[in-house]
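The values are calculated or read from the model by the stated rules, or taken from the named source; none is laboratory data. None of the values given here were measured: they were computed from a predicted structure. FYI the Cβ positions are ideal-geometry reconstructions off the backbone, even for glycines, and counts take in every protein chain you see. Heavy atoms of the whole protein, side chains included, go into the accessibility calculation; ligands, DNA and RNA do not. Shrake-Rupley method; radii C 1.70, N 1.55, O 1.52, S 1.80 Å.
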Number of protein chains: 2
Amino acid sequence: MNHQQMDKRKLRGENSKQKIIQSAKLLFVEHGFKDTTISLISKTAETAYGTVYTHFPGGKDEIFLNIMDEILDRFYLIADMNFVVTSKEESLTFTRNNIKSFLDLALEHQQILKVFHEAIGLSHIINQKWSTFVNNYISKIAENIELAKVRGLTREEAIDSEIIAGMLFFTGEKYMWKIALRSTNKEVETISENLAKMYVNGLYK
Amino acid sequence: MNHQQMDKRKLRGENSKQKIIQSAKLLFVEHGFKDTTISLISKTAETAYGTVYTHFPGGKDEIFLNIMDEILDRFYLIADMNFVVTSKEESLTFTRNNIKSFLDLALEHQQILKVFHEAIGLSHIINQKWSTFVNNYISKIAENIELAKVRGLTREEAIDSEIIAGMLFFTGEKYMWKIALRSTNKEVETISENLAKMYVNGLYK
DNA sequence: AAAGAAGTTGATATAATGTCAAAATCTTTT
DNA sequence: AAAAGATTTTGACATTATATCAACTTCTTT
């Protein structure tokens, strides 16, 4: 028999892998990225030190990326929301809602995002993962700005779409981290409203 | 005799300290923050490992902060440029110039800022140092926005000064790091112009 | 000249990472 | 069903970095 269900080794392996992921999840949230050692993870997962490396050759970074993957997917869903500009008013509504979705997601995953923030500073590979997302998001916004330019909706023709897009995104991102680190007491609504208004008033006629 | 110049021990100590700082400066720029080890610094400075810790009990972090101090002072000079709003036009000019000064400074100190960026992610104390600067700068901008509000120059009364200030500062900061990391080919002028225009058009009547 | 202070030295304790050969467990082949 | 082969587990080991500290050297004061 060649069925997967019959292969006890694969099953045992998958079980170890899951125990490692689940333990790591708890430990990361409790102790942060740096202070969660492979040794601690292996003990909590009730497995040997070396086992962690057979399942995650990339060590802690790879474990964490594995944990972050599903959350990142949800961020991509927001970044990929399609929008085609037709008017300043519509743009305001869309922008406000988009920022709000983004920050609500941050609120929902506050604990792990705090760890993510720490990990971005400590791990090059994790940093790259986030950079890819950032660049994607900014490109989408910039595309929309270009479209608005072509349609004659913007104040000026000479603006640099990427820089303007960055102005919106980077500030939203900063507030995302502030929410994750609990270093702001501003409401998601307040932030979305202010950013969206400034963006739209600055950009559109 | 109790003169400082006569105390050979103090002199020797100060000499060691300077050799450590100068060696560290070169090594940080060459190898980055993490890969510049205390061991390497002590060897380059032609001193013993332990000597580094007598002069810098805080280790690498303290050495780096020592190096950054004079550069941070120059950033504070820009943050402390006084400006009192009287009109939208004046604000545009001031904002544009302020951002430009900021980014020019980044360009001037590109190499060490790259290390600084890495160090912020790795050292809590270095991170705090920068945070203090950031909060200072944002407060200054926010004060000006409040003033503009009172003078009836802004589009709306209901805006949150801190968030709007953040929009300007955080984007400027991001481009500062991009310049340090050489991850943008945009001109300082282009960036300043775009940010200043968006800021002023978004905020003022 | 002796006592004391300041700075230097490098060995040592500690802690984390990643690797690997041997062992254990399970599957396939003969 | 025994042997051979494949997969996973194990924990000891090599490596590397940090921070500490007692002994030592150098200089100053008594």
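Tell me, what % of the accessible area of segment B:1-128 is carbon and sulfur with a 1.4 angstrom probe? It is 52 percent, rounded to a whole number. For segment A:102-176, the share of alpha carbon pairs falling in successive 5 Å distance bins from zero is 3, 14, 19, 21, 17, 11, 7, 6, 2 percent.
Here the Gaussian network model covers chain B, with springs between Cα atoms less than 10 Å apart; of B:Phe33, B:Phe83, B:Phe116, B:Phe83 fluctuates the most. With the highest mean first, a sort of the peptides B:21-27, A:106-112, A:60-66 on other beta-carbon atoms found within 10 angstrom per residue produces A:60-66, B:21-27, A:106-112.
Computed over chain B with a Gaussian network model linking Cα atoms closer than 10 Å, the most mobile of B:Met167, B:Met81, B:Met176 is B:Met81. With the label put 7 angstrom out from Cα along the Cα-to-Cβ vector, A:Asn136 ends up 3.9 nm from the copy partners, going from closest to farthest. Give me the tail of P(r) for segment A:61-205 as a percent: Cα-Cα pairs with distance above 21 Å. Counting every Cα pair in segment A:61-205, those more than 21 Å apart make up 43 percent.
When ligands, DNA and RNA are left out and all protein chains stay put, how many square angstrom of accessible area per residue does segment A:149-205 have with a 1.4 Å probe?
Details: 2170 Å² over 57 residues.
With all protein chains present, segment A:149-205 gives 38 Å² per residue.
Using a 7 Å projection from Cα along Cα-to-Cβ, the label point at B:Met81 is separated from the same position in the remaining copies by 3.7 nm, smallest value first. Extending 7 Å from Cα along the Cβ direction at A:Gln22 and again at B:Glu146 yields two label points whose distance is 5.2 nm.
In whole angstrom, note down how far apart the Cα centers of segment A:10-62 and segment B:143-176 are. So the separation of the two Cα centres works out to 45 Å. The sum of -39500 (n - 2.57) across all DSSP H runs of n ≥ 4, divided by the residue count of chain B, sets its helix-only mean residue ellipticity at 222 nm to -25500 deg cm²/dmol.
Let me check I've understood the local charge: for B:Glu156, count other residues with C-beta under 9 angstrom from its C-beta, Lys and Arg +1, Asp and Glu -1. What total comes out? Around B:Glu156, the charge tally is +2. Shielding of peptide A:150-163 by partners, expressed as the average count of other chain Cβ atoms within 10 Å per residue Cβ, is 3.
Figure legend: label point modelled 7 angstrom from the Cα of A:Glu30 along Cα→Cβ; residues of segment A:85-115 with amide N under 17 Å from it are A:111-112, A:115.
Peptide B:62-74: average number of partner chain Cβ atoms within 10 Å per residue?
Numbers: counts 0, 0, 0, 0, 0, 0, 0, 0, 0, 0, 0, 0, 0.
The per-residue average across the peptide is 0.
Counting Cβ atoms of other protein chains within 10 Å of each residue's Cβ and taking the mean over peptide A:185-194 gives 3.
Between A:Asn127 and A:Lys205, the contour length at 0.36 nm per residue exceeds the alpha carbon distance by 24.4 nm.
With a sphere of radius 14 Å drawn around the Cβ of B:His117, what net charge do the other residues whose Cβ falls strictly inside it have (Lys, Arg +1; Asp, Glu -1)? Walk me through the numbers on the way to the answer.
Numbers: positive: B:Lys34, B:Lys114, B:Lys129, B:Lys174, B:Lys178, B:Arg182; negative: B:Glu118, B:Glu173.
Every neighbour counted, the sum reads +4.
Taking a quarter of the surface of the Cα convex hull of segment B:4-57, what do you get in nm²? Can you show the working numbers first?
Numbers: hull surface 14.9 nm².
So the Cα hull casts an average projection of 3.7 nm².
Normalised by residue number, the volume inside the convex hull of the Cα atoms of the protein assembly as shown is 188 Å³ per residue.
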